[in-house]
Amino acid sequence: MKMNFTARQMRVYDSVKETAEKKLSKFDKFFEDGCEMDVTFSMPNGKEKVEVTIRSQGFVYRAEEAADTFANAIDCAIEALERQIRKNKTRLQKKIKAEGFKIIDEDLPEIEEDEYVQNIKTKTFSFKPMGVEEAILQMNMLGHDFFVFKDAETLETCVVYKRKAGGYGLILPE
């Protein structure tokens with residue numbers, strides 16, 4: 001697995017990178033060689049924060065954790081990623097047949113499909129083209145964490161969302 005390390009507005013020592021590489025290498029047994037792992041280090045508000053993103057065969061697994069040390073943050077991120085993999089194991093087995101993803105049964109016990117997967121609520125709505133500011137206003141008026149809208153300039157479907165750290169995010173199609 002190819003690992004990319006990034007530091008935001010700080011310098012990360014090689015020892016921290018080596019520790020992260022050693023701990024995160026446990027995911028090599030789940031994924032084939034073609035996947036990438038991005039590890040980003042930052043220190044917002046004095047906490048040491050690690051963001052780990054794994055991309056493989058169209059699937060994206062992501063964990064973002066903050067702790068008193070980078071080692072502890074990495075451990076928490078590993079636990080979160082393992083939960084995601086375990087939760088999606090059944091669906092992954094159905095979608096991909098050992099191509100790019102190896103299921104190791106002794107590490108990930110079989111779990112039943114979650115109730116929310118079986119009871120999916122479908123909602124349809126029409127939406128008019130609007131600007132980002134208007135979409136944020138609509139999202140806040142509805143009390144939602146995200147809002148899907150058609151951009152007035154490009155007529156592309158976009159998503160605005162509330163960020164955990166405060167502020168808003170915008171997802172644009174490629």
The distance between the Cα centres of region 137-154 and region 46-68, in whole Å, is 26 Å
Phi-derived 3J(HN,Hα) across region 147-160 with the Karplus relation (6.51, -1.76, 1.60, θ = phi - 60°), rounded Hz, x for Gly and Pro, is 8, 9, 8, 9, 5, 5, 7, 9, 6, 8, 7, 10, 9, 9
1/(1 + (r/R0)^6) with r = Cβ-Cβ of L137 and R62, R0 = 22 Å, i.e. FRET efficiency to nearest 0.05, evaluates to 0.20
Sorted on mean Cβ neighbours within 10 Å (highest first), peptides 2-15, 121-134 come out as 2-15, 121-134
Too long for a 32 Å Cα-Cα cut-off, among K23/K164; K26/K123; K2/K123; K121/K150, are K26/K123; K2/K123
Magnitude of the Cβ-charge dipole (Lys and Arg +1, Asp and Glu -1) of region 1-61 about the Cα centre, nearest 20 debye, reported as 240 debye
Residues whose modelled amide H sits under 5 Å from the amide H of A152, counting only those 5 or more places away in sequence or on another chain, are M130, G131
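Coordinate-derived values only; no laboratory data. In this text the structure is predicted, and so the values were computed from the model without any measurement. In this analysis, Cβ positions are derived from the backbone assuming ideal geometry, glycine residues included, and neighbour counts consider all displayed protein chains.
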